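Where a number appears in this text, it was derived from the coordinates with a stated rule and is not lab data. None of these values were measured; they are calculated from a predicted model. Please note: Cβ atoms are built from the backbone with ideal geometry, for glycine as well, and neighbour counts cover all protein chains shown.
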Amino acid sequence: MSAALFIVIVLGAFALMEPITAATHRWVMHGIGEWFHRSHHRPGLRPRWERNDWFPVFFGSIVLLGLWLGFNNDDLATLVPVGIGVTLYGATYALVHDGYIHGRLGPIGSKRVAVLDYLADSHRIHHLYNAAPYGMLVPIVPAELRERARCTDRDPFAPTGADALTV
C-alpha cells in the first residue's frame with residue numbers, strides 16, 4: 001500500500017468516526033446501553049471512573065483486535081490505517097470531551113479556544129435536554145434546542161443536592 005493511500009485511509013477513518021460515534025451515542029448509549037451511560041449525565045462531583053468509561057474500553061478493545069489482525073494478516077492490512085484513524089479520533093474525542101469540556105484529564109489550561117467553546121456549548125445542550133446533538137466534533141444542534149438553551153441559565157454540569165454542599 002502506498003503512503004498516500006495509507007494517509008487517505010487514516011483520514012477517511014477519522015472522518016467516518018463522527019457519524020458512527022453520533023449514531024452509537026444516540027442508539028446505544030441513549031438506548032440499550034443507557035444504564036452505563038447514565039453515570040455521565042448525572043451532575044455533580046465526578047468520580048475518577050464512571051460506568052460510562054467502559055464504553056471506550058470496549059470500543060478500544062475492538063480497535064486493538066482490528067490492528068492485531070491487520071498487522072498479522074496481509075489480506076487485512078487495511079485495518080492498520082483504519083485502526084490508526086479510529087485511534088486518532090478517539091484521542092481527539094477524549095481530549096475535547098473529557099479534557100476540555102468536563103475537565104477530567106487534569107488542567108488542560110485556562111486559555112479558551114472559540115471552536116472548543118462552541119463544542120462545549122453544544123455538549124451542554126446535549127446534557128440539558130438529554131437529546132441532540134449526539135456528535136462531538138461536528139455537533140448538529142437543532143435550532144429550537146439552541147434557542148431554548150439560550151434562555152436557560154441552568155448548568156447541567158454543576159453539582160446539585162448533597163453534591164453541591166460538598167464543593
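Give the residue list of chymotrypsin sites (Phe, Trp or Tyr not before Pro) in segment 10-85 that are DSSP loop and have at most 16 other beta-carbon atoms within 10 angstrom.
Numbers: sites: Phe14, Trp27, Trp35, Phe36, Trp49, Trp54, Phe58, Phe59, Trp68, Phe71; in loops: Trp49.
The qualifying sites are Trp49.
Under a 5 Å amide H cut-off, with hydrogens placed 1.01 Å from N, Gly135 pairs with Ile140 among residues at least 5 apart or on other chains.
Scan the chain and note any complete DSSP helix (H) whose C-alpha atoms cover at least 30 Å along its axis and whose Kyte-Doolittle average is 0.0 or more. Don't skip to the answer; put the middle values down first.
On the way: long enough: 3-24 (31 Å, 2.03).
Taking the DSSP H segments of the chain (at least 30 Å long, mean hydropathy at least 0.0), we get 3-24.
With Rh defined as the Kirkwood radius, the inverse of the mean 1/r over Cα pairs, the Rg/Rh of the chain is 1.02. Between Thr152 and Ala3, full extension at 0.36 nm per residue minus the direct alpha carbon distance yields a gain of 48.6 nm. Each of Asp117, Asp153 was scored by other Cβ atoms within 10 Å of its Cβ. Listed from fewest to most, they are Asp153, Asp117. Centre-to-centre separation between the Cα atoms of segment 64-108 and those of segment 1-17: 13 Å.
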